[in-house]
Amino acid sequence: MTRRILDGIASLCMLVAGVLLVLLIAIFGWLVFGRYVLNDTPTWVEQASLLMVVYITCLGAAAGVRSNTHLSIDFVREGLPEPLRTMGRYLADLFVVIFGGFMAHEGWGLVATNLERAIPMIGLSESWRAAPLVICGVLIMMFSLANILTRLFGINRQEDL
């Protein structure tokens with residue numbers, strides 16, 4: 001049950017990132033059309049696209065932690081004897097949990113301090129640019145803890161977590 005929920009959250013992250021990517025391509029099409037056909041460049045496109053890129057990147061990164069698709073150099077760890085290899089896997093996941101916690105904590109600080117500042121051209125609060133750090137940090141922690149628990153309790157990832 002828990003596995004399905006976590007996989008569903010990761011799938012939702014990828015779905016949202018995919019929709020934002022399509023929107024990003026569409027607004028750049030509008031930018032080109034406005035600039036070269038209408039001779040009236042839409043100035044909001046740059047700031048909107050920067051905001052979308054942050055969400056796409058952070059949501060994709062969190063989903064990658066769940067599906068273990070991040071680039072990693074693990075040939076040294078995997079070449080170690082079994083007890084050290086297992087300890088290396090736990091340490092790697094623990095470092096990712098710590099990184100996610102740091103990301104969420106510092107992102108929250110950015111959200112709190114930028115509430116009153118507006119993003120130029122689109123008028124949204126600058127906090128919207130920092131919010132993905134909090135969301136992604138929490139998701140990274142959650143997915144990494146699930147990896148640790150899966151390994152710790154010997155749960156087959158296909159079965160429960």
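The values are calculated or read from the model by the stated rules, or taken from the named source; none is laboratory data. Source: prediction; values computed, not measured. Here Cβ is always computed from backbone atoms with ideal geometry, including for glycine, and neighbour counts include all displayed protein chains. In case anyone asks, the SASA skips ligands and DNA or RNA and just uses the protein heavy atoms, side chains included. Shrake-Rupley method; radii C 1.70, N 1.55, O 1.52, S 1.80 Å.
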Exercise. List the chymotrypsin sites (Phe, Trp or Tyr not before Pro) within the range 52-161 that fall in a DSSP loop (any state other than H, G, I, E or B) and whose Cβ has at most 13 other Cβ atoms within 10 Å.
Key: Phe153
Exercise. Using Cβ-Cβ distances only, list the Cys residues of the chain with no partner cysteine under 4.7 Å, sorted by number.
Key: Cys13
Quiz item: Taking amide hydrogens as modeled 1.01 Å from N in the peptide plane, which residues meet the under 5 Å criterion relative to Ser125, leaving out close sequence neighbours?
Solution: Ile119
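Note down the relative contact order for the range 1-89 as a percent, whole number, built from C-alpha pairs under 8 angstrom at least six residues apart. Spell out each step's value before the answer.
On the way: 50 pairs, mean separation 29.1, N = 89.
Rounded, it is 33 percent for the range 1-89.
What does the convex hull of the Cα atoms of the range 1-73 come to per residue, in Å³, rounded to a whole number?
Details: hull volume 6.2 nm³, N = 73.
Roughly 85 Å³ of hull volume per residue.
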Quiz item: Based on Cα positions only, what radius of gyration and what Dmax would you give for the chain, in angstroms?
Solution: 19.6, 66
Quiz item: Quick one: helix 44-67 against the long Cα principal axis of the chain, what's the angle to the nearest 10°, folded into 0 to 90?
Solution: 10 degrees
Quiz item: Between Leu80 and Arg4, what is the spin-label point distance in nm, taking each point 7 Å from the Cα along the Cα→C-beta axis?
Solution: 3.7 nm
Exercise. Could you let me know the centre-to-centre spacing of the range 1-15 and the range 86-119, using Cα atoms, in angstrom?
Key: 20 Å
Quiz item: In the Gaussian network model of the chain, springs joining C-alpha atoms below 10 Å, which of Gly101, Gly29, Gly64 carries the largest mean-square fluctuation?
Solution: Gly29
Quiz item: For the range 110-121, what does the Karplus curve 6.51 cos²θ - 1.76 cosθ + 1.60, with θ = phi - 60°, yield as ³J(HN,Hα) per residue in whole Hz, taken in order and with x for Gly and Pro?
Solution: 5, 4, 5, 7, 10, 4, 8, 8, 9, 6, x, 6
Exercise. Please give the net charge around Gly109, taking every other residue with its beta carbon less than 15 angstrom from that of Gly109, where Lys and Arg add +1 and Asp and Glu add -1.
Key: -1
Quiz item: What number, rounded to the nearest 500 deg cm²/dmol, is the helix-based mean residue ellipticity at 222 nm of the chain, given -39500 (n - 2.57) per DSSP H run of at least four residues and division by all its residues?
Solution: -26500 deg cm²/dmol
Quiz item: Relative contact order for the chain using alpha-carbon pairs under 8 Å, separation at least 6, rounded to a whole percent?
Solution: 28 percent
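In Å², what does the accessible area per residue of the chain work out to with a 1.4 Å probe?
62 Å²
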Exercise. Starting from the Cα of Asn39, step 7 Å along the direction of its Cβ; do the same at Asn68; then give the gap between the two resulting points in nm.
Key: 6.0 nm
Quiz item: Ignoring ligands and nucleic acids, what accessible area does Met142 show with a 1.4 Å probe (Å², nearest 10)?
Solution: 70 Å²
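Given a Förster radius of 41 Å and the C-beta distance between Leu149 and Ile27 as r, what FRET efficiency does 1/(1 + (r/R0)^6) yield to the nearest 0.05?
On the way: r = 41 Å, r/R0 = 0.99.
Result of the calculation: an efficiency of 0.50.
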